[in-house]
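The structure under discussion appears below in the form of structure tokens.
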Amino acid sequence: MNVLKRFAKRCVALALCACCLGGAVVANVPVTAQAAVSVSASTPVIRLDTASCELNTTAQKYYLAVTVTPDRGTPPDAVSSNPDVAVGKYVKKAGGRYLYEISGLKDGLATIYLRYANVENMMSVKVGDETGTIDVRIPEGSTLRETAQALERAGVCSMKDVFDAANSNAFDSYSFIASIPNADSRYYKLEGYLYPDTYNFWKGQNVQSVLKTMLNNYQTKTANINWQNAAGLTKEQVMTLASIVQRESTATDRANVVSVFVNRLKSGNTVNVYRLQADSTMYYPYRAQGNVPSQLPGFQSTYNTYNITGLPAGPICSPSVESIQAALNPASTNYYYFCHSAAGNSYFAETLEQHNANLVAAGLRSAT
């Protein structure tokens with residue numbers, strides 16, 4: 001009896017979510033995941049009815065997998081996506097057309113995925129006590145390095161794992177990642193797409209599950225954005241510009257700040273302004289010179305817009321939807337310069353002479 005209670009406690013299973021059919025969210029459908037405990041088992045066994053599992057997130061490597069054929073016919077034998085585990089070791093049919101038993105799970109967060117209507121869907125299953133999760137806040141304008149630091153501090157996953165995953169091809173199932181044209185030129189392939197928000201993660205959660213949660217959030221937040229823009233920027237260029245604007249503007253002057261950068265991109269050479277000269281790009285992927293590791297003396301960022309012409313290879317941080325919308329809809333101005341005072345007041349100028357006067361007014365330069 002004590003064994004039964006112990007196993008029952010470990011088999012607290014559940015989660016998720018939205019019913020996805022042909023890419024459209026139909027309704028919220030509860031997932032059937034009832035714990036079935038055997039006194040002879042050395043690990044928990046979860047009984048999963050896949051007929052209820054039509055979810056809308058993306059599958060993970062190294063996770064248990066069940067495949068349901070698109071026509072909802074007889075499912076094939078379940079498999080495990082973990083390359084170190086023999087096919088079917090953790091997942092097996094348990095009778096019925098869509099009923100499977102999942103065993104071999106340790107305490108923690110596991111993920112099961114299914115394929116239905118050619119869409120890979122993910123379900124989280126928590127095994128163990130209800131404790132072990134933590135809220136992690138990723139502020140707007142966070143770099144990927146800062147995001148990795150926050151996750152490591154919270155005990156979710158290591159910075160190294162985040163860096164490795166961020167430059168892998170594990171997330172190319174997302175069209176906005178697969179379409180990146182110059183991934184090899186970027187410090188981190190996923191920079192800009194880990195949407196800033198507050199997340200509830202499991203301590204020790206698989207890094208791919210963590211990053212996919214953030215990518216799913218980006219996908220949801222930007223689903224209704226019209227990426228067409230008068231400047232003729234690609235979607236990736238808009239994201240890059242938005243990330244710079246996120247770091248260079250305030251909530252009240254975004255549209256004017258965007259206009260400065262767009263004017264420089266389009267016609268800066270006509271007024272002898274050939275580069276964007278955004279301070280926020282100078283030391284990327286680090287936020288500022290003081291964040292550059294001591295073992296990298298004389299570090300030179302390939303994103304430094306004081307040295308390069310045009311936009312850098314990719315985003316420098318994770319922008320908010322508001323910054324993305326601003327990048328798509330700049331104010332109509334003739335501004336080519338801007339600065340901010342220590343108090344956050346903004347100053348815009350059409351000419352260098354006006355800009356020099358603004359620097360004095362803003363307290364950034366002494367009057368001569």
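The values are calculated or read from the model by the stated rules, or taken from the named source; none is laboratory data. Bear in mind that the values here come from a model prediction, so they are computed numbers and not experimental data. Every residue, glycine as well, gets a Cβ built from its backbone with ideal geometry; the counts of neighbours run over all protein chains shown. Heads up: the accessible areas ignore ligands, DNA and RNA and are worked out on the full protein's heavy atoms, side chains in. Shrake-Rupley method; radii C 1.70, N 1.55, O 1.52, S 1.80 Å.
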Order the following by accessible area, largest value first: 137, 254. Probe radius 1.4 Å; ligands, DNA and RNA are ignored. 137, 254
Dipole magnitude of the range 227-368 about its Cα centre (Cβ charges: Lys, Arg +1; Asp, Glu -1), debye to nearest 20: 160 debye
Hz values of 3J(HN,Hα) by residue in the range 353-363 - Karplus curve (6.51, -1.76, 1.60), Gly and Pro given as x: 4, 5, 5, 4, 5, 5, 4, 5, 4, 7, x
Taking just the alpha-carbon atoms of the range 129-273, what radius of gyration and Dmax come out, in angstrom? 17.1, 65
For residue 320, residues with placed amide H under 5 Å, excluding near neighbours: 141
Run the 1.4 Å probe and let me know the accessible area of residue 227, rounded to the nearest 10 Å². 40 Å²
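First compute the accessible area of the range 250-368 with a 1.4 Å probe, then give the percent of it belonging to carbon and sulfur atoms. Provide the component values of the computation, followed by the final result.
Details: 2850 of 6070 Å².
Looking at the range 250-368 in its full context, I get 47 percent from C and S.
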Evaluate the distance, in nm, between pseudo-label points positioned 7 Å from the Cα of residue 322 and of residue 356 along their respective Cα→Cβ axes. 3.5 nm
Karplus ³J(HN,Hα) for the range 332-343 (6.51 cos²θ - 1.76 cosθ + 1.60, θ = phi - 60°; Hz, whole; x = Gly/Pro) runs 8, 9, 10, 6, 10, 9, 7, 7, 10, 7, 4, 7
Derived scalar couplings ³J(HN,Hα) [the range 159-166; Karplus, 6.51 cos²θ - 1.76 cosθ + 1.60; whole Hz; x for Gly, Pro]: 4, 4, 4, 5, 4, 4, 5, 5
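Counting only heavy atoms of protein chains, what accessible area per residue, in Å², does the range 277-349 have with a probe of 1.4 Å?
Details: 3370 Å² over 73 residues.
Spelled out: the 1.4 Å probe surface of the range 277-349, per residue, equals 46 Å².
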Rg and Dmax of the range 303-368, Cα atoms only, in Å: 14.5, 42
Just to compare against my own numbers: the Cα pair-distance distribution for the range 222-357, 10 Å bins, whole % per bin, please. 12, 42, 35, 10, 1
When you count, for each residue, the other Cβ atoms within 10 Å and take the mean per peptide, how do 176-182, 276-282, 195-201 rank with the highest first? 276-282, 195-201, 176-182
Of the residues 255, 211, 243, the Cα lying farthest along the dipole of the range 211-272 towards its positive end, which is defined by charges on the beta carbon of Lys, Arg, Asp and Glu, belongs to 211
